[in-house]
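The values are calculated or read from the model by the stated rules, or taken from the named source; none is laboratory data. Here the structure is a predicted model, which is why all the values come from computation and not from measurement. Cβ: placed from backbone, ideal geometry, glycine included. Neighbour counts: every protein chain shown. Each accessible area value is taken on the protein alone, full model and side chains, heavy atoms only, with ligands, DNA and RNA left out. Shrake-Rupley method; radii C 1.70, N 1.55, O 1.52, S 1.80 Å.
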Amino acid sequence: MATFGNLSDRLAETFKNLRTKGKLSAADVDGTVREIRRALLDADVALEVVKEFTGKVRERALGDEVSKALNPAQQVVKIVNEELVEILGGQQRRLEFAKKPPTIIMLAGLQGAGKTTLAGKLAKWLAKDGHTPILVAADLQRPNAVTQLEVVGAQAGVPVYAPEPGNGVGNPVKVARDGVKYAQQKMHDVVIVDTAGRLGVDAEMMKQAADIRKAIDPDEVLFVIDAMIGQDAVATAKAFQDGVDFTGVVLSKLDGDARGGAALSVASITGRPIMFASTGESLDDFEPFHPDRMASRILD
Ligand code: GDP
């Protein structure tokens, strides 16, 4: 994964230096922690996350588990791995399906974050697993958003509920509500509702998303965030958490050449799990997110 290339290299270098030492002194530990801290900050990980992370690593690295270890350097790597899994959310979190279908999944995020693409990816993935999803086009902000969702739906081989001319055009809350009703009537077991974003966080958009949430009472609200967004990740994620609240995070564009900071900050900052990763423009470039696998990739 291109995103973490530089961070991985930096951490590998740090650990290589550590391996040449036998027992580790407090100064060795401090030096290592300092290098990890710099590497994370250079990867655009949020400062508050870096502080918490390095604090825990340092405390554990100075403790018994390292001083008594047969191979102290290896033990430090193990600690860093475990703490990375922690900031990435710990356990893998799967979608929660409603006891009484349909399961309603609402997507939220900035414009260009990758919501519409994700709607198609998620629908295709669910259909492959035996579900009968339908997409609802409640993004009425961008002129071609409805058409784009229809294209994505056709690619995924799933139907799309879109506002009919004269009925609900301009009222995304009504479209979302009608779409869910339609899905119930047609016995779809999952409804994925695409909503509008703006280029930046904006009060009107946030209110619209909050109104849609209230109207359809979704089982999951997935906040889609572009992994390339860098230091803006924290403010954006917090704004969406306050404005709409979400149950899980989807990281998009993890295939990009960004530094990956958003990926490493957002779960820890919001306390919400990263549930999926989007890794390209094709509908198959999508996978459930596993914190432990991601940590291993970073430390590979
Ligand atoms: P929305 O405005 O949030 O609905 O975002 P879109 O789904 O329209 O995505 C914006 C752009 O990003 C489109 O050109 C997508 O093809 C592209 N895109 C979406 N997800 C990914 C991804 O995971 N990787 C890459 N490289 N591009 C993506």
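Some points to look at:
- In sequence order, segment 269-285 has phi-based couplings of 5, 9, x, 10, x, 7, 9, 9, 10, 10, 10, x, 7, 6, 5, 8, 7 Hz under the Karplus curve 6.51 cos²θ - 1.76 cosθ + 1.60, θ = phi - 60°, and Gly or Pro positions carry x.
- Counting heavy atoms of the protein chains alone, residue 298 has an accessible area of about 0 Å² for a 1.4 Å probe.
- Taking trypsin sites (Lys or Arg not before Pro) across segment 1-107, the ones in a DSSP loop with at most 11 further Cβ atoms lying within 10 angstrom of their Cβ are 23, 68, 94, 99.
- Each Lys and Arg Cβ is given +1 and each Asp and Glu Cβ -1; about its Cα centre, segment 241-300 then shows a dipole of about 240 debye.
- Centre-to-centre separation between the Cα atoms of segment 111-160 and those of segment 63-77: 49 Å.
- Sites residue 198 and residue 128, calculated FRET efficiency, Cβ-Cβ separation with R0 25 Å, nearest 0.05: 0.20
- Basic side chains Lys and Arg get +1 at the Cβ, acidic Asp and Glu get -1 at the Cβ, and with that the dipole of segment 208-272 about its Cα centre reaches some 160 debye.
- Reachable aspartates and glutamates from residue 23, criterion Cα separation under 16 angstrom, eight or more residues apart if same chain: 64, 65
- Taking the charge dipole of the chain about its Cα centre, with +1 at Lys and Arg Cβ atoms and -1 at Asp and Glu Cβ atoms, the residue from 77, 184, 249 reaching farthest to the positive side is 77.
- Folded to 0 to 90 degrees: helix 26-42 orientation relative to the chain principal axis, Cα: 30 degrees
- Under 22 Å from residue 253, Cα to Cα: lysines that are on another chain or at least 8 residues apart: 115, 121, 124, 238
- 5 angstrom amide H check on residue 160, placed H, neighbours 5+ away: 135
- In segment 217-300, taking the dipole from charged Cβ atoms about the Cα centre, the farthest positive-side position among 263, 276, 222 is held by 263.
- GNM flexibility winner over the chain from 20, 103, 279 (Cα, springs under 10 Å): 20
- Averaging 1/r over every pair of different alpha carbons in segment 23-99 and inverting the result gives a Kirkwood radius of 13.6 Å.
- Amide hydrogen neighbours beyond the local backbone of residue 252, cut-off 5 Å, H modeled: 225, 226, 227, 278
- Segment 37-145 - Rg (one decimal) and Dmax (whole number), Cα, Å: 21.2, 63
- Within the accessible surface of the chain, defined with a 1.4 Å probe on protein heavy atoms only, the carbon and sulfur portion equals 48 percent.
- A straight Cα-to-Cα reach below 19 Å connects residue 99 with the lysines 181, 186, residues fewer than 8 places away in its own chain not being considered.
- Computed 3J(HN,Hα) for segment 64-75, one whole-Hz value per residue from the Karplus formula 6.51 cos²θ - 1.76 cosθ + 1.60 where θ = phi - 60°, is 4, 4, 8, 5, 8, 6, 5, 10, x, 4, 4, 5, glycine and proline marked x.
- Only helices enter this figure: runs of n ≥ 4 DSSP H residues, each worth -39500 (n - 2.57), summed and divided by the residues of the chain, yield -16000 deg cm²/dmol at 222 nm to the nearest 500.
- Applying both filters, DSSP loop and at most 15 other Cβ atoms within 10 Å, to the GluC sites (Glu not before Pro) of segment 45-101 gives 96.
- Per residue Cα convex hull volume in Å³ - calculated over the chain: 123 Å³
- Karplus (6.51, -1.76, 1.60) ³J(HN,Hα), θ = phi - 60°, over segment 188-200, in Hz, Gly and Pro reported as x: 6, 8, 9, 10, 10, 9, 7, 10, 7, x, 10, 5, x
- If only the Cβ of Lys and Arg carry +1 and only the Cβ of Asp and Glu carry -1, the dipole of segment 19-66 around its Cα centre is close to 200 debye.
- Taken per residue, the accessible surface of segment 48-173 reaches 49 Å², heavy atoms only and a 1.4 Å probe.
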